[in-house]
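The values are calculated or read from the model by the stated rules, or taken from the named source; none is laboratory data. Everything numeric in this text was worked out from a predicted model, so none of it was measured. Cβ placement follows ideal geometry from the backbone for every residue including glycine, while neighbour counts extend to all protein chains displayed.
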Amino acid sequence: MNQEVQSKLKYFLYARKSSEQEDRQVLSIDSQKSELEALAKREKLHIVERLEETLKEHQGLRDLNAARRKKDIERHITDKSETADFFNELLKSDPALANLFNLGTQLVTSTGPGVPTPFVGRKFPTYFRIARAPREGLVKHCPINRTTRVEFDTDATNDYFRRSDSPGNITTEPPGLIESSQLWNGWFTARFSAPWDAKPGDQIAVKVTVSDVEADNRGGFVSTFTMVMEPESDKPNPPAGKNRPRNGRTPQGNGKKTTQSLALPEITEVHRDEWEQRKPPFNPYTALVVKHDVQGGYDFYLNVDNTFLLTELTHAKEDYKPLVKFWFKYGLALCALGMLQEQRRRAESTRENQEDNGGDGGDEPEVTEDLQAVAVYCSGVARVIIPIIRALYKGPSAIG
């Protein structure tokens with residue numbers, strides 16, 4: 001009876017290979033077919049016909065899959081919380097990018113009134129290094145009758161050098177060069193005087209060693225820089241009050257000072273019919289324009305009808321167009337932030353050199369920003385930003 005029922009049943013063999021990572025089968029299509037045919041042979045099932053269809057060539061399924069993928073991409077890149085998490089994870093995983101913006105581990109894109117993040121120091125620091133040291137090494141020019149300021153970055157507590165229990169120690173070679181110093185909230189500022197026998201034109205290699213009972217086991221924290229001695233100056237040294245911590249670590253008092261605040265760039269999309277409303281007007285090659293907002297931060301304006309973006313969108317598959325726009329939008333924004341940071345660094349470096357030579361740079365660094373230049377450079381970057389990201393995304397194999 002069972003054999004009679006079985007003989008009346010008809011079967012079909014189904015094999016599939018998903019392209020989705022989380023649903024990907026281990027066996028190939030051919031391996032699955034072999035397994036199914038072996039099963040039919042064991043169960044004495046007669047295969048009367050084989051119907052084969054490659055699902056990836058089925059246009060209806062391809063359109064459905066593309067629409068679903070496009071929807072998923074749009075959902076992820078329009079969710080601000082997910083985008084913020086993405087950028088914060090990017091900075092955490094890439095110290096070079098984080099150091100470029102001098103942001104630590106969170107994306108900071110605007111300035112304005114706010115509450116600074118409390119500094120939590122370590123009794124025994126894990127680092128003590130010259131802040132913003134150039135790759136080729138720090139060089140400080142100093143008149144032989146004056147001092148020069150050097151700033152260090154550290155996670156040591158404020159009482160690191162003056163506490164009674166296991167204090168830190170700092171020494172220099174040549175010895176005795178530190179005339180005054182201050183440690184506050186991770187920022188150590190020291191003024192170095194010229195050696196007694198220094199002459200104009202001398203280039204003096206200075207070695208600074210910070211040690212404590214734990215650091216001694218690792219050889220201490222060693223930093224080096226070069227002092228280039230210049231002729232005597234008749235300008236007095238800046239008052240001690242000018243040697244105050246920077247980089248957002250100054251105590252905020254009544255909160256009226258400005259401090260960096262965490263935010264994603266607020267990027268306003270500008271369409272072709274809005275070009276003439278902008279000052280100056282946009283054109284097909286305008287990419288990203290940065291303006292000051294009323295709170296001391298920045299407003300970003302993105303030309304979504306930029307000729308290079310439209311060209312890339314024309315050649316992109318429909319489901320990947322939102323991703324291409326995402327690359328263009330945030331790629332340019334990060335480039336612009338890098339340019340602004342470099343302008344700030346240059347302005348502050350100029351002010352420091354003025355102070356080192358006896359000038360008065362004022363209480364706050366004068367920040368010179370050329371937003372028009374940033375816009376021009378972004379227009380140039382717009383030509384290549386998408387091809388570069390796409391090539392790096394695919395990896396070396398796609399290029400070779």
Conditions (1) closer than 30 Å to Gly186 by Cβ; (2) at pLDDT 80 or above; number of the one not met by Asn283: (1)
Test: Thr157 is within 33 Å of the chain's Cα centre (by Cα), under 21 Å from Pro118 (Cα atoms) and surrounded by 15 or more Cβ atoms within 10 Å (Cβ to Cβ): yes
In the range 298-346, residue surrounded by the fewest Cβ atoms within 10 Å (Cβ to Cβ) [restricted to those that are modelled with pLDDT of 85 or more and part of a strand (DSSP E or B)]: Tyr301
Positions within the range 200-224 being among the charged types (D, E, K, R) and either buried (at least 18 other Cβ atoms within 10 Å of the Cβ) or within 15 Å of Lys140 (Cα to Cα) (or both), in sequence order: Asp202, Lys207, Asp212
Single unsatisfied condition, Thr286 versus (1) of a type in the set (Val, Ile, Thr); (2) out of contact with any Ser or Thr (no Cβ under 9 Å at 6 or more places or on another chain); (3) closer than 19 Å to Leu371 by Cα: (2)
Filter result (closer than 30 Å to Ala215 by Cα and either assigned to a strand (DSSP E or B) or modelled with pLDDT of 80 or more (or both)) within the range 106-130: Phe119, Val120, Gly121, Arg122, Lys123, Phe124, Pro125, Thr126, Tyr127, Phe128, Arg129, Ile130
